[in-house]
Structures are given as C-alpha cells and as structure tokens.
1. Restricting things to alpha carbons, tell me how big the stretch 1-50 is in terms of Rg and Dmax, in Å.
2. Pairing the Cα long axis of helix 89-102 with the longest principal axis of the chain, what angle in degrees results, from 0 to 90 and rounded to the nearest 10?
3. Could you state the orientation-averaged shadow area of the convex hull built on the Cα atoms of the chain, in nm² to one decimal?
4. Mind giving me the FRET efficiency for L45 and L3? R0 is 35 Å, r the Cβ-Cβ distance, nearest 0.05 is fine.
5. Between the helical axis of 70-86 and the dominant principal axis of the chain, each derived from Cα atoms, what acute angle in degrees is found, rounded to the nearest 10?
6. Based on the mean of other Cβ atoms within 10 Å per residue, sort peptides 80-89, 3-12 so the most packed one is first.
7. For the chain, which whole-number percentage of the solvent-accessible area (1.4 Å probe, protein heavy atoms only) is attributable to carbon and sulfur atoms?
8. Over the Cα atoms of the stretch 56-108, what is the Rg over Rh ratio if Rh follows Kirkwood?
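The values are calculated or read from the model by the stated rules, or taken from the named source; none is laboratory data. Keep in mind that this is a model prediction, so the values were computed, not measured. In this analysis, Cβ positions are derived from the backbone assuming ideal geometry, glycine residues included, and neighbour counts consider all displayed protein chains. We work out accessible area using only protein heavy atoms, side chains counted, and drop any ligands, DNA or RNA first. Shrake-Rupley method; radii C 1.70, N 1.55, O 1.52, S 1.80 Å.
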Amino acid sequence: MTLTQQLITIGMVILGTVLTRFLPFLIFPAGKPTPKYIQYLGRVLPSAVFGLLVVYCLRGVDPLTGSHGIPELISILLVVILHLWKRQMLLSIAGGTICYMLLVQLVF
C-alpha cells in the first residue's frame, strides 16, 4: 500500500469507529424513551449471538474422525454449567474457550 492508501485506510477505520460509538447517542438521546424494537433487540441479540457462536464453532466437528467431538462436548457442558451457575456470558465463553484449548493442546 502506498502512503496515501494507508492514510485513507486509517481515516476510514477512525471514521467507522467514531460513527459506531457516537451514532446511538445521537439517534437515541437521553431525554427520549428508547423505542420498543430497540429494547427488544437488546433482549434477544445476546442469546442470538451466543447461538450463532455455538453453530459456528461446531460446524466443522466430525464425530467419525479424530477425537470424535469429545473436546467440543466437554467444553459445551462446561459453558452450560458456568452459565447456569454465574449467568455471565463472557465468563461462560471464556471458560469454554480455555477448556477447549487445554483439551486440544494437552489431552487430545
């Protein structure tokens, strides 16, 4: 990339970041009530993203080869247990990821 292309790329990244950070505050100011559909999306999107992450992570698992999906199954069980116990999505995701990486690197 030339210097001009690099500067344009950096500028576009900055512009995109600023827009995504400040646009919600401009569209939904503090004094006005948040629309019902935005509240609905705030309730359902975290679960939808979590489901999408599960599907994405399991799309390449073949139970007929290799470790037969055992590390994935153990990690999913850990994620479910952590989520039922603490109800913190980031903890559940991090715990499952760490468990899977340790199983794949050290056990299987």
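1. 16.6, 47
2. Approximately 40 degrees, to the nearest ten.
3. 11.6
4. My answer for the efficiency is 0.30.
5. 60
6. Descending packing order for the listed peptides: 80-89, 3-12.
7. Here it works out to 74 percent.
8. Checking Rg against Rh, the ratio lands at 1.00.
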